[in-house]
1. Considering each residue of the range 47-70, count those that are surrounded by 19 or more Cβ atoms within 10 Å (Cβ to Cβ) and either part of a helix (DSSP H, G or I) or β-branched (Val, Ile, Thr) (or both), and give that number.
2. Only residues that are of a type in the set (S, T, N, Q) and either over 18 Å from Lys304 (Cβ atoms) or without any contact (Cβ under 8 Å) to a residue 24 or more places away in the chain (or both): list them for the range 250-271, please.
3. Scan the range 1-28 for residues that are over 17 Å from Ser55 (Cβ atoms), of a type in the set (Ser, Thr, Tyr) and outside any helix (DSSP H, G or I) and jot them down.
4. Only one of these is surrounded by fewer than 17 Cβ atoms within 10 Å (Cβ to Cβ) and in contact with a strand residue (DSSP E or B) (Cβ under 7 Å, 6 or more places away or on another chain): Thr244, Thr270, Thr298, Thr254. Name it.
5. Pairs, please: C-beta under 7 Å, at least 6 apart or cross-chain, first residue farther than 15 Å from His166 by Cβ and in the range 96-109, second aliphatic (A, V, I, L, M)?
6. Would you tally the residues in the range 155-187 being more than 30 Å from Gly115 (Cα to Cα) and touching a strand residue (DSSP E or B) at 6+ places or on another chain (Cβ under 7 Å)?
7. Checking Leu234 against (1) within 29 Å of Asn43 (Cα to Cα); (2) assigned to a helix (DSSP H, G or I): exactly one of these is not met. Which one?
Amino acid sequence: MKKKALILGVTGQDGSFLAELLLSKGYQVHGLVRRSSTGNTVNIEHILDKIQVQSGDLSDATSLYRIIKDSRPDEIYNEADQDHAGWSYHAVDYASDITGAAVGRILEIIRQINGKIRFFQPLTSNMFGKTNICPQNEETPLRPQSPYAAAKVYAWMLSRYYRDVHGMFAACAILYNHESSRRTDSYVSRKIVKAAVNISKGLQKSLVLGEVDTPIDFGFAGDYVAAIWQIMQLPRADDFVIGTGEAHTVREFTEETFRLVGLDAGKYVTFDKKLVRPGKTSPLIADISKAKKAFGFTPAVRFKALVRLLVEDELNNE
């Protein structure tokens, strides 16, 4: 009998990669799509006929209850939060509810319907925020610097509460920056790649960026989604840091991107302090020792290969 999985936020970057992975492993896949995303199915267009799409919203407990009760999944992956740190500064209440409180909604519904359903909650390295510890691991103290990161801390604590008190399988991964061509233009990686390709074709004159010199742990979304599935197959639910353990700045990312399209970034890129976020984080670099020991996690796509992959995808999409 096929395993059933419900992906909340199936149209997003991680949700769509996850749907592909689970289908390849023989799962029956259900996906939640919120009303505001209706029609925005570009990331899953190629598999729409293979999954069962359900309409709902993390802010609406009745829709969540209906979808979980009707689909009766073996596994639930919550990829449907408000996942943009910069945007959360201007929508604190929404970020707090959808990214944080909604996790309690989902877990309580699972507990009421079937406490044996396995649940996965993605977290963010931004939870570490201002820290003197580098690299960071699962025990590093938390000091979030945005409403988004603070809401993720709440999501983590709720997941641990349901795991510890109710004995539910609620696993979490603290994910560092993970990129792909399925990112929207609001993310700096896609903004840089798209601008470089456009400039190389004479369609754009310049690129304006904010903070570019903070070291960042960049990885490939496909690698991290594979790790998520492995975490969900472990005998016991646990928490894991997932990253590459390597640091590169946005400046490096930009220079490598422009180099791949035959341009000198210094001639086209300018900087504007207005684009710098009010809450600045420390260098965030992953210590993946625990994940490596538990299930052999090793990211396959490293920095230069990642940038090349993004540039090639952008060129092929033109």
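A short reminder: the numbers here are calculations on the coordinates, not readings from a lab. Note that this is a predicted model, so its numbers are computed, not measured. All Cβ positions, even for glycine, are placed from backbone atoms using ideal geometry, and neighbour counts span all protein chains on display.
1. Of the residues in that region, 4 qualify.
2. Scanning the range 250-271 gives a single hit, Thr270.
3. Tyr27
4. Exactly one residue qualifies, and that residue is Thr270.
5. Taking only residues 6 or more apart or on different chains, the pairs are Ser96/Ala151; Ile98/Leu58; Thr99/Ala151; Thr99/Ala155; Gly100/Ala151; Gly100/Ala155; Ala102/Leu58.
6. Selection size over the range 155-187: 4.
7. All conditions pass for Leu234, except number (2).
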